[in-house]
Ligand SMILES: Cc1cc2nc3c(=O)[nH]c(=O)nc-3n(C[C@H](O)[C@H](O)[C@H](O)COP(=O)(O)OP(=O)(O)OC[C@H]3O[C@@H](n4cnc5c(N)ncnc54)[C@H](O)[C@@H]3O)c2cc1C
């Protein structure tokens, strides 16, 4: 059977996840071309094994060795068509934000500095500082590993919502390309409280965002982490009103359908857990939503984070959900 180049067996994933967890996969392949996609499809059809799609591994927690094939998306490409960018899934997201500003195409500034690949951006509908990728997606091209063919999803078909999309429930779909509709006019999105309210141009906005991020978030290259560990919980107005009686300074925002988004960082900080530690893992002193881990396994990290979930549930009656994908 013909296999793509860069096909490996018993492969350590340590350099492929930002928590630097040292688990291995039975097989590992870098997917560099359309031809590779069909070779990988044939391999999976014959072997009938489990598979996982990886970008840069900045939003995954490995639970143990992966019994199957890891497909590292490395499909490149960048082109401009009017106000639209068409980008290969294996490009680095922040390089694309930078390039878009060089082409005088605006909109992505507030999503500056988010680590990871382009292909992962629609999966959890990345967002920061009042902006989400779903605001810009025209279409997402995917390869369906169940059917062995390409499928294209319009923005509506992606079913985007807060840190969610149709792709989360369909791991057979590998994002291969995305098309983003941008604007020739810079309209600053400065609603987020910490952002300066006067900004000259989009490059300055990007600089402001990168500055705030570097102050608030530990660098995952130095301190292994996956950014936000939990989603901000969405609760009803009734639940919020009850909470406000006991915790008048609780931090929340109006969300859709008369619901409210509560700051998970506020909950963790107010439970006294910011900066706490267990074994080789703990919660950052800089940001209460960032868990770090210096161990090569995720045992302590997962048991400590589930203790945190229990503490928050007991104190506030709110159940925190993991933001990263847990792979096993
Ligand atoms: C320091 C730090 C800060 C962060 N800040 C933010 C932030 O502000 N906002 C935010 O939204 N996120 C943030 N993140 C999370 C992360 O950067 C994003 O979720 C990013 O999009 C993940 O990209 P990745 O290539 O590393 O994906 P991976 O971690 O490799 O994969 C994440 C998930 O997407 C799937 N996936 C990846 N690529 C594809 C593909 N091509 N097709 C189908 N499925 C795929 C994987 O199977 C997995 O389930 C942060 C992470 C870190 C470490």
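Rule-based calculations on the coordinates, nothing more; no lab input. Not measured: the values here are computed from a predicted model. Cβ atoms come from the backbone with ideal geometry, glycine included; neighbour counts cover every protein chain shown.
Considering the Cα trace of the stretch 222-327, what is its radius of gyration and what is Dmax, both in angstroms?
Rg and Dmax of the stretch 222-327, Cα atoms, are 14.2, 43 Å.
What does the helix-only formula give at 222 nm for the chain: each DSSP H stretch with n ≥ 4 adding -39500 (n - 2.57), the total divided by the residues, and the result rounded to the nearest 500 deg cm²/dmol?
Numbers: 6 runs with 74 residues, N = 328.
One gets -7000 deg cm²/dmol as the mean residue ellipticity at 222 nm.
With the alpha-carbon atoms as the only input, what is the per residue convex hull volume for the stretch 179-261 in Å³? Each step should come with its number before you reach the end.
Numbers: hull volume 15.3 nm³, N = 83.
Convex hull of Cα atoms, per residue: 184 Å³.
Give the Kirkwood hydrodynamic radius (Å, one decimal) of the stretch 56-211, defined as one over the mean of 1/r across all pairs of different Cα atoms.
The answer is 16.3 Å.
Pull out the extension gain between residue 294 and residue 98, defined as 0.36 nm times the separation in residues minus the alpha carbon to alpha carbon distance; nm, one decimal.
On the way: separation 196, 0.36 × 196 = 70.56 nm, distance 3.11 nm.
Separation in residues times 0.36 nm, less the Cα-Cα distance, equals 67.4 nm.
Is any residue of the stretch 59-76 close enough, with backbone N under 19 Å, to a label point placed 7 angstrom from the Cα of residue 48 along the Cα-Cβ axis, and if so, which?
Counting backbone N atoms under 19 Å from the label point, the list is 67-69.
Expected output is a single nm value to one decimal: the length gained when fully extending between residue 207 and residue 315, i.e. 0.36 nm times separation in residues minus the C-alpha distance. What is it?
Values: separation 108, 0.36 × 108 = 38.88 nm, distance 3.82 nm.
So the chain would gain 35.1 nm between residue 207 and residue 315.
Please list log₁₀ I(q)/I(0) at q = 0.22, 0.29 Å⁻¹ for the stretch 7-73, using the Debye equation with identical point scatterers on the alpha-carbon positions.
With no solvent term, the Cα-only Debye profile gives -0.90, -1.37.
How many nm is it between the label spots at residue 197 and residue 242, if each spot is 7 Å from the Cα in line with the beta carbon?
3.7 nm
Using the basic label-point model (7 angstrom from Cα toward the beta carbon), what is the residue 22 to residue 156 distance in nanometres?
5.2 nm
Kirkwood Rh and Cα-based Rg: tell me the resulting Rg over Rh for the chain, rounded to two decimals. It would help to have the intermediate numbers written out before the result.
Details: Rg = 20.4 Å, Rh = 21.0 Å.
Over the Cα atoms of the chain, Rg/Rh equals 0.97.
Out of the DSSP beta bridges found with both residues in the stretch 7-73, what percent are antiparallel (nearest 5)?
Numbers: 5 of 16 bridges.
DSSP beta bridges in the stretch 7-73 are roughly 30 percent antiparallel.
How much length is gained on full extension from residue 5 to residue 257, taking 0.36 nm per residue of separation minus their Cα-Cα distance?
Numbers: separation 252, 0.36 × 252 = 90.72 nm, distance 4.95 nm.
Here the answer is 85.8 nm.
Roughly what % of DSSP beta bridges within the chain run antiparallel, to the nearest 5? Display every interim value, and only then the final one.
Working: 45 of 59 bridges.
Here the share of antiparallel DSSP bridges comes out near 75 percent.
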